[in-house]
Amino acid sequence: MVNILIISHSEKIAEGTKELAEEMKQAEVDIQVAGGTGDGQMGTDADLIEKKLKSMDCQDGIVVLADLGSAVMSFNMVKEWLSEDKQKKIKLANAPIVEGAVLAAVEASLGKNLEEVLAAIEKKSILNKNNL
Amino acid sequence: MANKTKELFLKTADVIIENKNYLTELDAAIGDGDHGVNLARGFKKLKDKLENGSFESRSEVFKLTAMTLISNVGGASGPLYGTAFLNISKVIADSRLDLEDLVEISEEAIAGIQKRGRAEAGEKTMLDTLIPASESLKESRDNNLDLDTALKNCLQAAAAGMENTIEMQATKGRASYLGERSIGHQDPGATSSYLIIETFIKNSLK
């Protein structure tokens, strides 16, 4: 199963996004969060991101959803510290964090592979709000 | 050499901590208002680690600085300065540095920041201080200027670069969300970069 990591500047956004995504799971998918700086401030904690990526099951891949600048930057940096094999299996999605996480939870729990999950959540229609 | 480098970073930490509110005010105008707070948090931690550690080489001090900032800053400036100092740690020697070495160091720092932030000159970022400073060092090298003159010119170029960010529109980072309204404010990242360069240069001229 593809697993999911949510990285946000805000611990509340990360936790809330996870909660929303968990509701949609059709089967067991590991959804982890790295939110805030670890001391209650807004920001990102590279060490926490590293810890999560190292502890999560990466066999079928991990889809990462990140919000703003330093979340993306910290993730890219931490990814470079991992083995090449892991780097290939960990993908930052080009998708909005909430919509992306919810859809990723559905797709991953249906047993889709890493490429399929990414393709699903990177569709532009995910951003469409006026013609639901 | 390791001890001198340690002293240099302790001074840099003091300067950043002293300017915490100034940097945060600059950031509040066009960003999320945490640049000073974030950097001060990282540099405070660095002070603790430097004061309680002993070091064999310049490279070791730069590496510790990089990793401490990466782990403790919490904003984009952590990975940005962290990658810059990490790159420097890979090339810096323990012998006396000449102008050629300083050019290489400045280019490594810029390469690290560009790799991480994917920014170019003119986007209202720390690069707008660092790139003119590096260009000035190259010019001095090409004209065979002595080291002290080269460093004075470098500091002037860094200051001018920082001030030029006032008129720029941000196209990278949180300030880019403000679009044209980012014009008229000095960039906090360009300012912290200037403070670091200034501390490095002033303390090495003595």
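Assorted remarks:
- Considered as a group, the residues in the stretch A:43-58 that are in contact (Cβ under 8 Å) with a residue 24 or more places away in the chain and away from chain B (no Cβ under 14 Å) include one that is farthest from A:Glu107 (Cα to Cα), and that residue is A:Lys54.
- Of the residues making up the stretch A:74-92, those that are open to solvent by 10 Å² or more (accessible area, probe 1.4 Å) and either in contact with a strand residue (DSSP E or B) (Cβ under 8 Å, 6 or more places away or on another chain) or within 14 Å of another protein chain (Cβ to nearest Cβ) (or both) number 8.
- Residue within the stretch B:130-144 that is open to solvent by less than 70 Å² (accessible area, probe 1.4 Å), touching a His at 6+ places or on another chain (Cβ under 9 Å) and not aliphatic (A, V, I, L, M) present: no
- A single entry from B:Val91, B:Val73, B:Val61 fulfils the requirement of being touching a residue at least 12 places away in the same chain (Cβ under 8 Å), away from every other protein chain (no Cβ under 13 Å) and crowded, with 24+ Cβ neighbours inside 10 Å: B:Val61.
- For the stretch B:150-184, filtering for residues that are polar (S, T, N, Q), open to solvent by 50 Å² or more (accessible area, probe 1.4 Å) and assigned to a helix (DSSP H, G or I) leaves 3.
- Which numbered condition B:Thr125 misses (of (1) more than 14 Å from chain A (Cβ to nearest Cβ); (2) surrounded by 24 or more Cβ atoms within 10 Å (Cβ to Cβ)): (1)
- Condition broken by B:Met1, with the remaining ones in (1) over 16 Å from the mean Cα position of the chain (by Cα); (2) within 14 Å of another protein chain (Cβ to nearest Cβ); (3) aliphatic (A, V, I, L, M) satisfied: (2)
- Filter pass, A:Ala71 being open to solvent by less than 10 Å² (accessible area, probe 1.4 Å) and more than 14 Å from chain B (Cβ to nearest Cβ): no
- Selection from the stretch B:98-117 of residues that are open to solvent by 40 Å² or more (accessible area, probe 1.4 Å) and touching a helix residue (DSSP H, G or I) at 6+ places or on another chain (Cβ under 8 Å): B:Asp98, B:Glu100, B:Glu104, B:Glu107, B:Glu108, B:Ala111, B:Gln114, B:Lys115
- Across the stretch B:123-136, not a single residue is classified as over 15 Å from the mean Cα position of the chain (by Cα), within 27 Å of B:Gly42 (Cβ to Cβ) and of a type in the set (A, V, I, L, M, F, W, C).
- Against the numbered list (1) under 10 Å from B:Ser192 (Cβ atoms); (2) open to solvent by less than 60 Å² (accessible area, probe 1.4 Å), B:Tyr22 comes up short only at (2).
- A single entry from A:Gly16, A:Gly40, A:Gly36 fulfils the requirement of being within 14 Å of chain B (Cβ to nearest Cβ), more than 15 Å from A:Ile90 (Cα to Cα) and open to solvent by less than 60 Å² (accessible area, probe 1.4 Å): A:Gly36.
- Counting only residues that are touching a residue at least 60 places away in the same chain (Cβ under 8 Å), touching an Asp or Glu at 6+ places or on another chain (Cβ under 7 Å) and of a type in the set (A, V, I, L, M, F, W, C), the stretch B:176-200 holds 1 of them.
- Subset of the stretch B:30-58 [acidic (Asp, Glu) and crowded, with 18+ Cβ neighbours inside 10 Å]: B:Asp32, B:Asp34
- Residues that are of a type in the set (Asp, Glu) and touching a residue at least 12 places away in the same chain (Cβ under 8 Å), drawn from the stretch B:15-53: B:Asp27, B:Asp32, B:Asp34, B:Glu51
- Complete set of residues in the stretch A:46-67 that are surrounded by 21 or more Cβ atoms within 10 Å (Cβ to Cβ) and either modelled with pLDDT under 95 or closer than 20 Å to B:Arg174 by Cβ (or both): A:Ala46, A:Ile49, A:Leu65, A:Ala66
The values are calculated or read from the model by the stated rules, or taken from the named source; none is laboratory data. In this text the structure is predicted, and so the values were computed from the model without any measurement. Note: ideal-geometry Cβ built from the backbone for every residue, glycine included; neighbour counts use all protein chains shown. Surface areas here come from the heavy atoms of the whole protein model, side chains and all, with no ligands, DNA or RNA. Shrake-Rupley method; radii C 1.70, N 1.55, O 1.52, S 1.80 Å.
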